[in-house]
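The structure appears below as structure tokens.
The values are calculated or read from the model by the stated rules, or taken from the named source; none is laboratory data. In this text the structure is predicted, and so the values were computed from the model without any measurement. Cβ placement follows ideal geometry from the backbone for every residue including glycine, while neighbour counts extend to all protein chains displayed.
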Amino acid sequence: MALFDALNISASGLTAQRLRMDVTSANLANAQSTRTPEGGPYRRQDVVLQESSGDGSFAGALSGALGGGGGGEPAGVEVAAIVPDTTPLRRVYEPGSPDADAQGYVEMPNVNPVEEMTDLIDASRSYQANVTAMQTTKQVFAKTIELL
Amino acid sequence: MTGPKPAMSILDPTQLTLMRAISGATLRNAVLSNNIANADTPGFQPSDVDFHATLSDALDGGPEAIEAVSFAPEQLNVGAMQADGNGVSSEAEAAKLAENGLEIEALEQVAGSRLSILRTALGMGG
């Protein structure tokens, strides 16, 4: 258990929430994109978070080698994957579009701007919660250092 | 350890208890931060460290038990607070974190005052 574990844990939360904001922004930016490098219209991307095991970190390995258990200690959060949303695409009647099919319909991305905006607010609030946790920890550690 | 224990060491049981309490509260700080970091992880259940109970049990066992005390986080199975099975209440965790931070500061204040008394006794100045 190192002194700065709590700071690293909060930092992992900041990284994860920042990525959620990035992905949400990409979804909003591509709400009208009918073409992608993979072909077909853009599909909404979703971030999957998981609790970090801490096995890969230096601190986790050191703690394990010293017989400190290693397991069970908190190690923060990590991004498991960014997966495409498989819900059906929107079909819009637009016969003039170059991407229209024989019936004049264009497949548009399955992005709902309202949903993206609420996700964005959610991620930004979670980011702030991690910043607050970090500030509390920093304040306490500053006091500890004053003791020495 | 063999032989009789010295009547009094520089770091008496009270100082030792204070230091163990600080390390328990520091672990709790990390665990609560971890709960906040995982507030959006599907299926995550929060943990907490009941270092007061662990320390209080060790106090009954004398100085050796206090010396050897170790703390471990425990998962609280509070059920789902969100549709994805996550059990973290950010507000509750933030409140616990603030409270725990104040507790560490209080413990350090007391530990620091006792150390400064020792420093004076050793002629090193307050």
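What tally of residues in region A:1-39 results from selecting those that are within 8 Å of another protein chain (Cβ to nearest Cβ) and either charged (D, E, K, R) or not in a helix (DSSP H, G or I) (or both)?
Count: 4.
Can you name the residue in region A:100-140 that is part of a loop (DSSP other than H, G, I, E, B) and either touching a Pro at 6+ places or on another chain (Cβ under 8 Å) or of a type outside the set (Asp, Glu) (or both) and, of all such residues, is surrounded by the fewest Cβ atoms within 10 Å (Cβ to Cβ)?
A:Ala102
Restricting the search to region B:70-99, which residues are outside any loop (DSSP other than H, G, I, E, B) and in contact (Cβ under 8 Å) with a residue 24 or more places away in the chain?
Taking region B:70-99 first, the residues outside any loop (DSSP other than H, G, I, E, B) are B:74-75, B:90-99.
Within region B:70-99, B:Glu74, B:Gln75, B:Ser90, B:Glu93, B:Ala94, B:Lys96, B:Leu97 qualify.
Here is a yes/no grid of residues against (1) in contact with a strand residue (DSSP E or B) (Cβ under 8 Å, 6 or more places away or on another chain); (2) hydroxyl-bearing (Ser, Thr, Tyr); (3) under 25 Å from A:Glu146 (Cβ atoms); (4) modelled with pLDDT of 85 or more:
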site	(1), (2), (3), (4)
B:Arg28	yes, no, yes, yes
B:Ser33	no, yes, yes, yes
B:Asp50	yes, no, no, yes
B:Leu102	no, no, yes, yes
B:Ala121	no, no, yes, yes
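Identify, please: which residue in region B:69-87 is within 11 Å of chain A (Cβ to nearest Cβ) and farther than 17 Å from A:Ala6 by Cα and is, among those, nearest to the chain's Cα centre (by Cα)? Walk me through how you get there before you give the answer.
Residues of region B:69-87 within 11 Å of chain A (Cβ to nearest Cβ): B:70-75, B:82, B:84, B:86.
Then drop every residue that is not farther than 17 Å from A:Ala6 by Cα, which leaves B:70, B:75, B:82, B:84, B:86.
On the way: B:Ser70: 10, B:Gln75: 16, B:Gln82: 29, B:Asp84: 31, B:Asn86: 25 Å.
In this case the residue turns out to be B:Ser70.
Quick one: count up the residues across region B:31-65 that are touching a Leu at 6+ places or on another chain (Cβ under 9 Å), in a helix (DSSP H, G or I) and among the aliphatic types (A, V, I, L, M). Break it down stepwise before answering.
Taking region B:31-65 and keeping what is touching a Leu at 6+ places or on another chain (Cβ under 9 Å), we get B:32-33, B:35-38, B:40-42, B:44-49, B:51, B:63, B:65.
Checking the rest, the ones that are also in a helix (DSSP H, G or I) come to B:32-33, B:35-37, B:51, B:63, B:65.
Pick out the ones that are also among the aliphatic types (A, V, I, L, M) and you get B:32, B:36-37, B:65.
Here the count works out to 4.
Only one of these is under 22 Å from A:Thr15 (Cα atoms) and either more than 14 Å from chain B (Cβ to nearest Cβ) or within 21 Å of the chain's Cα centre (by Cα) (or both): A:Gln139, A:Gln128. Name it.
Values: A:Gln139 fails: either more than 14 Å from chain B (Cβ to nearest Cβ) or within 21 Å of the chain's Cα centre (by Cα) (or both).
Every option except A:Gln128 fails the conditions.
Which ones in region B:24-68 are under 16 Å from the mean Cα position of the chain (by Cα), surrounded by 16 or more Cβ atoms within 10 Å (Cβ to Cβ) and of a type in the set (Gly, Ala, Ser)?
Answer for region B:24-68, where residues must be under 16 Å from the mean Cα position of the chain (by Cα), surrounded by 16 or more Cβ atoms within 10 Å (Cβ to Cβ) and of a type in the set (Gly, Ala, Ser): B:Gly24, B:Ala25, B:Ala30, B:Ser33, B:Ser47, B:Ala58.
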